[in-house]
Amino acid sequence: MSNTLVESQTNTLLENHQTYRKLQINYTRNQQQDHTKLLDESAAAFRYEDCKNEYWNPEEFSLLYGTALWVQASPSQRIILNQLYWVAYYSQIISAEIATIYFNQTSAAGLYAQEDFRLVCDMLDLESTQERAHINAFKKVSEQVELALFNKRVFTYSMRGPFAETMVFADTNAIKRKWKQLQLQCFGMLSAGNTFLACQYFTVRGVRTLNGKLVQHKLGNYYQKHPHPENAPIPSKISYYHFMDESFHFNSSTILSHEVLKCIKPPTDFESWVANLGVRGCQKDHYHFSVAINGIFWYDPALYGAIYQVLRSPTFSMSDREAKEMMRLCFTQESEGLHRSYQTHAEAVESYKVYLASIDYLWKSNREMSIMASNSIPKYLDRQRKAWMRNQDFDRVATDSKVPPCDDGTASSCA
């Protein structure tokens, strides 16, 4: 009787045996290789003192690598810059994963009314659990580092909700942040009651995860290629465990956004419009590239205050004049670091275009990534020089809250 009832429905996932099987395999393997326990153990065992004198990433993944600062830095300062790249990079990932947890839940709700979609919902539950472990591990390490180096937050922040600006250092203001918040809230409500938009969210999630894969597999390889992996610094282990989890998340995003969509009704004009706005928003988020953090598409003028704090800290001990001159050289002059960051940005554009090529409801501007692709090194330098002339008041920094310590003196997220 149940089989007859299922067969009387249209667009069921079970009818597409190949897609269902792909979902089963991805979910089962993610369960079998789940790194949550290893991440929790690593976070609990982390002590900055144990690994403060070694690299955590490949050398080229260091804060302001290939700029005047890197050229002039001592070996010990370069180690700190390498570690601060880890802190800054994964602080951005925390923001993205907070939003991911929420939209995993709203997307699962949008699939409840469909036959045979329990597998998808269970898969998303597992991924959300893994995201929480990632966030905890990243916060534990990053806050300990900033407590030791600065005794206040520079790249980290207190926990935030899913409707905050996803890009930590963005070209934004109070009005833009409020508008972004309203957009995210509206999409959450729509996707919770709309099967197409629930699946389409994974188009955007897939693009964002693809951006991460460009860098994270290199960060993960640092641990894999370590001569003594058992003695590798804990942050490099966390990078590897995170990358392994995210590989499964990328697979599920791809299956949901490219194949599961074929198991539901085609989108209406309104649904296509909302979906395209989501991809367009991703383009805008990823328009910029940062000379400071290769692989994170931050708006560098928003970073000036944080970099100023780094240069004025005991690690570099620069005067106000020295710090500002160094920043001028790093942000407004062409450098190897700038070209490396632009190359990563260009690779992301081409990867996104390939990923989106077969999705027929997308606008041409989204399939071609025309907004994101329009940026360039000359535009970057022009933007930095204008911003530099407008703003050199770094004594008043927004991110000056102290990292709250635990009873044992470590960062507060250690619990």
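Read-outs throughout are calculated quantities, based only on the coordinates presented, and are distinct from any laboratory measurement. Everything quoted here is computed from the prediction, not taken from an experiment. Cβ coordinates were reconstructed from backbone atoms using ideal geometry, including for glycine residues, and neighbour counts include every protein chain displayed.
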By average C-beta atoms within 10 angstrom, highest first, the peptides 171-179, 51-59, 220-228:
51-59, 220-228, 171-179
Quotient of Cα Rg and 2.2 N^0.38 Å for the stretch 246-375, N being how many residues it contains:
1.40
Would you mind pulling out the separation of the Cα centroids of the stretch 330-360 and the stretch 235-280, in Å?
20
Using the 10 angstrom Cβ neighbour count as an exposure proxy, how do Leu182, Leu124 rank, fewest first?
Leu182, Leu124
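Is it possible to state the helix-based mean residue ellipticity at 222 nm for the chain, with each DSSP H run of 4+ residues giving -39500 (n - 2.57), the sum divided by total residues, to the nearest 500 deg cm²/dmol? What is it?
On the way: 17 runs with 265 residues, N = 415.
Rounded to the nearest 500, the figure is -21000 deg cm²/dmol.
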Under 18 Å from the Cα of Lys284 - aspartates and glutamates, other chains or at least 8 residues apart
Glu165, Asp171, Asp300, Glu347, Glu350, Glu368
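In the structure shown, do any of Lys37/Lys353; Lys140/Lys379; Lys178/Lys386; Lys178/Lys262 have a Cα-Cα gap over 31 Å, and if so which? Before the final figure, lay out the partial values.
On the way: Lys37/Lys353 36 Å; Lys140/Lys379 37 Å; Lys178/Lys386 26 Å; Lys178/Lys262 35 Å.
Correct reply: Lys37/Lys353; Lys140/Lys379; Lys178/Lys262.
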Show log10 I(q)/I(0) for the chain at q = 0.06, 0.09, 0.10, 0.12 Å⁻¹, two decimals, from a solvent-free Debye sum over equal Cα scatterers.
-0.25, -0.56, -0.69, -0.99
Cα centre as origin, Lys/Arg/Asp/Glu Cβ charges: the stretch 16-414 dipole, Debye:
860
Diffusion coefficient, µm² s⁻¹, Stokes-Einstein with Kirkwood Rh over alpha-carbon pairs of the stretch 248-294 at 20 °C and 1.002 mPa s
164
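Could you grab the relative contact order for the chain? Cα pairs under 8 Å, six or more apart, rounded to a whole percent.
Worked out over the chain, it gives 23 percent.
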Take peptides 370-378, 258-266, 135-143 and line them up by average Cβ neighbours within 10 Å, highest first, as a rough protection proxy.
135-143, 258-266, 370-378
With +1 on each Lys and Arg Cβ and -1 on each Asp and Glu Cβ, and nothing else charged, work out how big the dipole of the stretch 263-370 is about its Cα centre, in Debye to the nearest 20.
140
Just going by the charge dipole of the chain, with Lys and Arg at +1 and Asp and Glu at -1 on Cβ, which of Pro233, Leu147, Gly278 is farthest out on the positive end?
Gly278
